[in-house]
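Please treat every number below as a calculation from the coordinates, not as lab data. None of the values given here were measured: they were computed from a predicted structure. Neighbour counts run over all protein chains shown; Cβ positions are idealised from the backbone, glycine included.
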Amino acid sequence: MLVIDCPYCGPRDQSEFSNGGEAHVKRPDGSAEIGDREWGEYVFIRANPKGIFYERWVHSHGCRKWFNCVRDTSTDEILKIYKIDEERPKLDSFKNNVKTPSGEPNLGSGNFTVKK
Amino acid sequence: MKKKYSIFSIAKNALKGHKDWPKMWRSPEPREFYDVIIIGGGGHGLGTAYYLAKEHGLKNIAVIEKGWLGGGNTGRNTTIIRSNYLWDDSAHLYEHSLKLWENLSTELNYNVMFSQRGVMNLAHNEHDIKEIKRRVSANNLNGIDSLWLSKEEIQKKVPIMNTDNLRYPVLGASYQPRGGTARHDAVAWGFAMRADEMGVDIIQNCEAHQIKTKNGKIEGVETSKGFIRANKVGVVASGHTGVLAETAGIRLPLQSKPLQALVSEPIKPIIDTVVMSSAVHAYVSQSDKGELVIGAGTDGYNSFTQRGGFDIIEETVRAMVELYPVFGKMKMLRQWGGIVDICPDASPIISKCDVEGLFFNCGWGTGGFKATPGSANVFAHTIAKNEAHQINSAFNLDRFASGKLVDEHGAAAVAH
């Protein structure tokens, strides 16, 4: 379970929030012209990395505002929270603990944030 | 050597102090080349290797597994088996599987402890009643045993259930008598043993790092034990399938989330069927050891930590205690999570892709265990023939471009 630092209200229990999936997804230009496949990719396919993930959250049971978050999905460690209109933070400022596509972090998945 | 189990072999080995049981499978080092490599040594992957060898005459097959056999979602589910799905395509797929389950212990000469104790899906409101009755009728039209139980009939089958004195009263249920449970790791072991006998190399502690392709054709798999060439590769890695697909430049419509389950301390037999409720989210059965096996939900966000949030357990336990007040003072022994890969339409993908020789069997989400033999059977067909079996033809990747989805959210909900 996460403690999420809402940029407007401060740190709150995760149960107050809802996850909105991948952040920074752009609707393709000229949607009338593009093919079914490209449109299908926009509608159905989202990033699903094991490691650094840019995602959206909404403080549903609080200020009801949306914001973005960078989280390591292999450990659930929240690396950065930023407002929805802010630039996507650069990848190289985060340390990725994942060594292989299916690898676990040194400290063991799930317990990472606790042990840290 | 074919390993036969019978009452005589048990008696003979008992007299010898159980010291001479043969190893169930070899532990070979990988060869340089295989006709087919299956990534993922769970039930679906081992079953695929078994059917490839048995029904399609392929012998040069490897199953590579990053941990131990059945240590992923095969050993983490709540072992529920049923086929009462709404749409024709799903009903045929899961019914194909259920038919294979019914003969699996005999076919493998290995007891998978398949127990057809029936599966009940509860209705808690008017809408549930309509949806569930519709599903019962759809099942009957597809030749699947499914019936509607009134509240009185439920009370007769499960006397410990609190049907009236709760926020969402129990109004009725669907019931599939042929549904039930099986011992999940025995399924992996049975398939592994019989595949191994037919020459399949089962390589544990061998992690796939990268799927290598060249000019739109499969080359092989880079693993923790070196590069292995292959003509065909089947990826059956549940929650990690998307991650592996990405290494070959393929994006799959999957999202990975932890799904949790828990078991109680063992008690005397108290519930002799499987009861599922999608509306209040609680499902329970009792294992042969006497533990209550309770399924919880998925976390609301993507994660690869095999743990899950405590709030999910709280929600499930709350519903359990309300439905079965008698469980209120029981202690829970263990809790765990597995990483499930969820498709937008809650239906699986059993399909080839743009890369020649690369196949995916994934997207089983929260309910893949029940499909193990059926999924393995049609996936083996798909790999061997380079085209889908009639049963899995709807479960292709193209459906996310054509829009011909198999939407099973309603019939499955989270309690899949």
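Here are some pairs, B:Lys214/B:Lys352; A:Lys95/B:Lys352; B:Lys23/B:Lys54; which of them have Cα atoms lying more than 28 Å apart in this structure?
Beyond 28 Å: A:Lys95/B:Lys352.
Would you mind getting me the FRET efficiency between B:Ala14 and B:Ile270? Use the beta-carbon distance for r and R0 = 30 Å, nearest 0.05. The partial results should precede the final answer.
On the way: r = 32 Å, r/R0 = 1.05.
E(calc), rounded to 0.05, equals 0.40.
Tell me, how many Å apart are the Cα centres for region B:165-182 and for region B:322-360?
20 Å
Ignoring everything except DSSP H segments at least 4 long, calculate the 222 nm mean residue ellipticity for the protein assembly as shown; use -39,500 (n - 2.57) per segment, divide by total residues, nearest 500.
After summing the helix terms and dividing by residue count, I get -7500 deg cm²/dmol.
Quick one: of the DSSP bridges fully inside the protein assembly as shown, what percent are antiparallel, nearest 5?
Details: 68 of 88 bridges.
So the antiparallel bridges amount to about 75 percent of the total.
Averaging over every viewing direction, what projected area does the convex hull of the Cα atoms of region B:260-359 cover, in nm²?
Projected area, direction-averaged: 8.6 nm².
Taking a ≥ b ≥ c as the square roots of the eigenvalues of the Cα gyration tensor of region A:3-93, is the shape rounded (a/c under 1.5), prolate (a/b larger than b/c) or oblate?
It is prolate, given that a/c is not under 1.5 and a/b is the larger ratio.
Using the crude model of +1 on Lys and Arg Cβ and -1 on Asp and Glu Cβ, and no other charge, please compute the dipole size for chain B relative to its Cα centre, in debye to 20.
With only Lys, Arg, Asp and Glu charged at Cβ, the dipole is about 1120 debye.
Calculate how steeply helix B:126-141 sits against the longest principal axis of the alpha-carbon atoms of chain B, using the helix alpha-carbon long axis, and give the answer as 0 to 90 degrees to the nearest 10.
With both axes taken from Cα atoms, the answer is about 50 degrees.
If you add up the charges near A:Phe44, with Lys and Arg at +1 and Asp and Glu at -1, over every other residue whose beta carbon is less than 14 angstrom from its beta carbon, what do you get?
Charge balance near A:Phe44 sits at -2.
Output the pairs from B:Lys156/B:Lys331; B:Lys12/B:Lys268; A:Lys50/B:Lys225; B:Lys212/B:Lys257 with a Cα-Cα distance over 28 Å in this structure; if there are none, say none.
Violating the 28 Å limit, Cα to Cα: B:Lys12/B:Lys268.
Using alpha carbon coordinates only, what is the Rg to Rh ratio of the protein assembly as shown, with Rh defined as the Kirkwood radius?
Result: Rg/Rh = 0.96.
Could you tell me, in Å, what Rg and Dmax come out for the Cα atoms of chain B?
Final numbers for Rg and Dmax: 21.3, 65 Å.
Given B:Ser238, B:Leu262, B:Ser287, which one lies farthest toward the positive end of the charge dipole of region B:223-331, if we put +1 on the Cβ of every Lys and Arg and -1 on the Cβ of every Asp and Glu?
Selected residue: B:Ser238.
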